[in-house]
Every structure is written in C-alpha cells, then in structure tokens.
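Beneath this line is the structure, given in structure tokens, with notes to follow.
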Amino acid sequence: MKYYKVLLLIFFFPSLITAQEIIKLYPGKAPGSEQWNWEEKEILPAPGIRLVYNVTEPVLLVYPAPAAKANGTSVIITPGGGFHILSIDSEGIDVAKWLNERGVSAFVLKHRLVKIIGDNPFAQLGPLMSDSKKLDSIIAPVVEMAKNDGIAAMQYVRKNASKYKIDPNKIGFMGFSAGGTVTMSVALSAPQEWKPNFIAPVYHYAGAVLGNEMPKGAMPAFISVASDDNLGLVPHSIKLYERWVN
C-alpha cells in the first residue's frame, strides 16, 4: 500500500543514563514456560559487549527521557542474538540511552530465550548460524514466546502511557537481527489495538517471522541493513521494503 512510509537510517551512540525501573510482563511464571527453572546468566566477551542468556522471566527495562527533553514518543527495543542470547548493551541499553538524549523514552525488552547448556552460549549457537533450517526448528517454540512477550510489552506501555508521560499513539517497536524478527512478529500478529505506531527492523531475520495481519492505516517503517552483511540478511530487508510500499 503506497501510504506506508520508510524512514531513513539512524546511527546510535551511548550516553550515561541508567534504568529507573524493571517491569515484569506477567504475574507469576510466563505462560508456556512455567516449568523453566534455570538461572539467567550473562557474559562479557569483550569490553562494552555484555550478553544475557537463559532468560526465563521476560521484563522491560525502563529508560524514561529526561523531563526537559521528553517529546512524548517512546520505543520498545529488542536486542538480537539468534534467540539464544541478547546483546543487551550494544543493541539494547546503549540504543535506549541514545534515544533518551533525543527526548524519546525507551523500554528494553528481555524476552525468553532458548536454554543454553553450559557457560558458553556461542558453542551452542555458532554451529547453527550456517544451517538456517535447523536453527529455525530449534528456535520456533521460543519465537512464539518472544512474540507474545513483545505483545505483552506493547500492552503494558500503551496501558501505562500516562504513567510515563508518553503518547499512546507514538509507541514504536524496534529490534536488531532476531530482535527484528520479534519486531515484525509483533507488527503482524498483535491485535490492531496493540500494534506499534511505527517499527524499526534493523538487519532483521525474516525466516522466523510470525503473523500476516498487516496494520490498518499507515505504519511508518525504518528498515536498515548493511550491504555487506555477512549473514546474508540483505534480501530480508529488501523484501520487507517492497511489501511495505506496495
């Protein structure tokens, strides 16, 4: 449909702000993972690159824009990591801080992930990166849960817009790689009242996207990918662009 818009590329840089609040998305255990009892962990494989894995309790990390700069817009951010890990800083908290400096409130989503056996998530994820069919079969149950976590996040933010002094009609959803999969699954699966007002799938993976219900009315989209992306994700963004403008 011609009225869909495509936004331009934005670059993100960190600033010094800390989360004010952590919001549990469900009362008690998250539906579908009630028996999950393993411990959430994190590693720091390189300076400034903190990774979280074995997430069993989905939460939102709240980063409100400074009152003097707040413009009423907000964004839910979903880090990437192949549904095995979350690049929580570089693709989550750092992005939230950058948005805060520009008056945008941010909510970083920690959604449920595939269980990692042992202390090295790369040993489990790495061999799957060259076998998309096997990866898709392993992550399928968790993609469904992550999509539900994303919709729950949309519900929470929109219902609590007045609490955070944001506009309920200016709530975006963005994600990187697997987080882009969550972004598109929310956009195409959520009931109309819980769909985001704009989306930003960044080098998103389309192979596991759930849903096919296009939003009613215009939903601006920020679609970004590097032409030399080494995971072969360029066609995913091109196809999404073509779908969004036709």
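The values are calculated or read from the model by the stated rules, or taken from the named source; none is laboratory data. Computed from a prediction, not measured in an experiment: that's the story for all the values here. Neighbour counts run over all protein chains shown; Cβ positions are idealised from the backbone, glycine included. Surface accessibility is based on the protein's heavy atoms, side chains included, excluding ligands, DNA and RNA. Shrake-Rupley method; radii C 1.70, N 1.55, O 1.52, S 1.80 Å.
Quick check, is I238 open to solvent by 50 Å² or more (accessible area, probe 1.4 Å) and not in a loop (DSSP other than H, G, I, E, B)?
Spelling it out, I238 is indeed open to solvent by 50 Å² or more (accessible area, probe 1.4 Å) and not in a loop (DSSP other than H, G, I, E, B).
Collect the residues in segment 197-218 that are open to solvent by less than 30 Å² (accessible area, probe 1.4 Å) and either in contact with a Lys or Arg (Cβ under 7 Å, 6 or more places away or on another chain) or polar (S, T, N, Q) (or both), keeping them in residue-number order.
P215
So for segment 116-125 (the condition being modelled with pLDDT of 95 or more and either in a helix (DSSP H, G or I) or open to solvent by less than 20 Å² (accessible area, probe 1.4 Å) (or both)), does at least one residue qualify?
The answer is yes; a qualifying residue exists.
Any residue at all in segment 175-193 that's under 17 Å from S74 (Cα atoms), at pLDDT 95 or above and loosely packed, with under 15 Cβ neighbours inside 10 Å?
Yes, some residue in segment 175-193 is under 17 Å from S74 (Cα atoms), at pLDDT 95 or above and loosely packed, with under 15 Cβ neighbours inside 10 Å.
Could you run through segment 39-66 and say how many residues are in a loop (DSSP other than H, G, I, E, B), under 30 Å from A161 (Cβ atoms) and free of Cβ contacts under 8 Å to residues at least 60 places away in the same chain?
The qualifying residues number 6.
Looking for something at pLDDT below 95 and either open to solvent by 40 Å² or more (accessible area, probe 1.4 Å) or β-branched (V, I, T) (or both) - is there at least one such residue anywhere in segment 50-60?
Scanning segment 50-60, I find at least one residue that is at pLDDT below 95 and either open to solvent by 40 Å² or more (accessible area, probe 1.4 Å) or β-branched (V, I, T) (or both), so the answer is yes.
Scan L135, L109, L113 and give me the residue that is part of a helix (DSSP H, G or I) and open to solvent by less than 40 Å² (accessible area, probe 1.4 Å).
Criteria check complete, one pass: L135.
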